[in-house]
Amino acid sequence: METVLTTSPPLAAQFIRRGEVVAFPTETVYGLGANVFDEAAIRKIFQAKGRPTDNPLIAHVANLAQLQTLTTHLPANAAQLIAAFFPGPLTLVLPKHPDVSLLATAGLPTIGVRMPRHALALEFITACGVPLVAPSANLSGRPSPTTWQAVQADLDGRIACILQGEQAEVGLESTVVDCTGNAPVVLRAGALTLEQLQTVLPASRLASQHDVAVPKSPGLKYRHYSPQARVVLIDNVAGLSASLAAAFIGLNAPPRRDEFRCLKLCANVAEYAHEVFSFFRVCDAAGVREIYCEVVEERGLGLALMDRLKRAAQNVAPA
Ligand code: TXA
Ligand code: MG
């Protein structure tokens, strides 16, 4: 299939109405969208990405009326988080409406919903007239796409259309929060920080070992975010030896910085998060064998960044 490139939300929306899948920009990463009420279209998402079907999708809405078509009721804590953080990089796990296909939620009685904070995304979803389920628009396992060119590199010929926008503002995915219990539980750290959640609902917490016994965010058990190069986490940058087969990304310059094949120094954690996935792809294109990533403190956005780096390095316990 020919993949059409466009900057026009109404044109891209025509493909959704015809039951096709369309990649589109959001403030976190690019998503691969399909009409939430069209099972055949949802199947095309799993096919195009090579995604396991036991990994549920996030539904994207442009307004609260669309959100109401997806859920039976809004728990009180969800209503407070919506008031504070929608639109934004926050996904709420809510009780699923019976009209939503179990294919979208991988059989779960809940559905993840978010309202992106991105003008083009909102225009596109509005033009579609229905919520869009959308995972990140990469081949399964690869780094998430933060540019339309990255989407094209993974999915050209496999999807109907790419809505072209700028490089994603944040660069890491949304925070996934379970709102079905007494206190909000973060299932996946992301662009909205735990500290921000706690300003509104102080009882918000990270999922614990105990919660993980029931894998509530099934996607987390898969290998993720991986470039072809080996990812190595490093906390002592001063002791790092340079190599032309290696790359470095972090906040502090390593010795002999000119002797790395690729090197990215970031001014702060936000810039590191913004750049990391596109840097992985640059390194692969340059034939780098090892990417050294400096570790950062696991607070604020650093929590989500370290989560992604650990998964890319496969330093995660298999679930
Ligand atoms: O920023 C983002 O969230 C991006 C953009 C495109 O919106 N999307 C994204 O989707 O990262 P994806 O499919 O790559 O990751 C979705 C995550 C997975 O870890 C999945 O298991 C979890 O959300 N998830 C989705 N629905 C869920 C549900 N009902 N219960 C628990 N976890 C859920
Ligand atoms: Mg993904």
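The values are calculated or read from the model by the stated rules, or taken from the named source; none is laboratory data. Please read these numbers as outputs of a predicted model, since none were measured by experiment. Note that we place each Cβ from the backbone using ideal geometry, even for glycine, and neighbour counts take in every protein chain shown. SASA here: full protein model, heavy atoms, side chains in, ligands and nucleic acids out. Shrake-Rupley method; radii C 1.70, N 1.55, O 1.52, S 1.80 Å.
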Counting just the residues of the stretch 136-150 that are of a type outside the set (A, V, I, L, M) and open to solvent by 10 Å² or more (accessible area, probe 1.4 Å), which one comes out nearest to ligand 1 (Cβ to nearest atom)? Ser136
Only one of Pro202, Pro145 is within 13 Å of ligand 2 (Cβ to nearest atom) and outside any strand (DSSP E or B); which? Pro145
For Val176, all conditions in the list (1) under 14 Å from Leu305 (Cβ atoms); (2) within 16 Å of ligand 2 (Cβ to nearest atom); (3) open to solvent by 10 Å² or more (accessible area, probe 1.4 Å) hold save one; what is the number of the exception? (1)
Would you confirm, using the coordinates I've provided, whether His224 is modelled with pLDDT under 95 and not in a loop (DSSP other than H, G, I, E, B)? no
What number goes with the only condition from (1) away from ligand 2 (no atom under 15 Å from the Cβ); (2) open to solvent by less than 40 Å² (accessible area, probe 1.4 Å); (3) farther than 20 Å from Lys49 by Cβ; (4) in contact (Cβ under 8 Å) with a residue 60 or more places away in the chain that Val185 does not pass? (4)
Scan of the stretch 97-132 for residues that are within 16 Å of ligand 2 (Cβ to nearest atom), on the phi < 0 side of the Ramachandran plot and part of a loop (DSSP other than H, G, I, E, B), ordered by number: Ala104, Thr105, Pro116
So, first residue closer than 13 Å to Ala48 by Cβ and free of Cβ contacts under 8 Å to residues at least 24 places away in the same chain in the stretch 128-147, second residue open to solvent by less than 10 Å² (accessible area, probe 1.4 Å) and of a type in the set (A, V, I, L, M), Cβ within less than 8 Å, six or more apart or across chains; the pairs are none
Can you confirm whether the stretch 115-126 contains a residue that is of a type in the set (D, E, K, R) and either open to solvent by 50 Å² or more (accessible area, probe 1.4 Å) or touching a Pro at 6+ places or on another chain (Cβ under 6 Å) (or both)? yes
Test Thr110 against the stated conditions and say whether it is under 14 Å from Glu27 (Cβ atoms), modelled with pLDDT of 95 or more and among the β-branched types (Val, Ile, Thr). no
From (1) at pLDDT 95 or above; (2) in a helix (DSSP H, G or I); (3) of a type in the set (Lys, Arg), pick out the condition that doesn't hold for Arg299. (2)
Please pick out the residue among Val100, Val22 that is surrounded by fewer than 24 Cβ atoms within 10 Å (Cβ to Cβ) and modelled with pLDDT of 95 or more. Val100
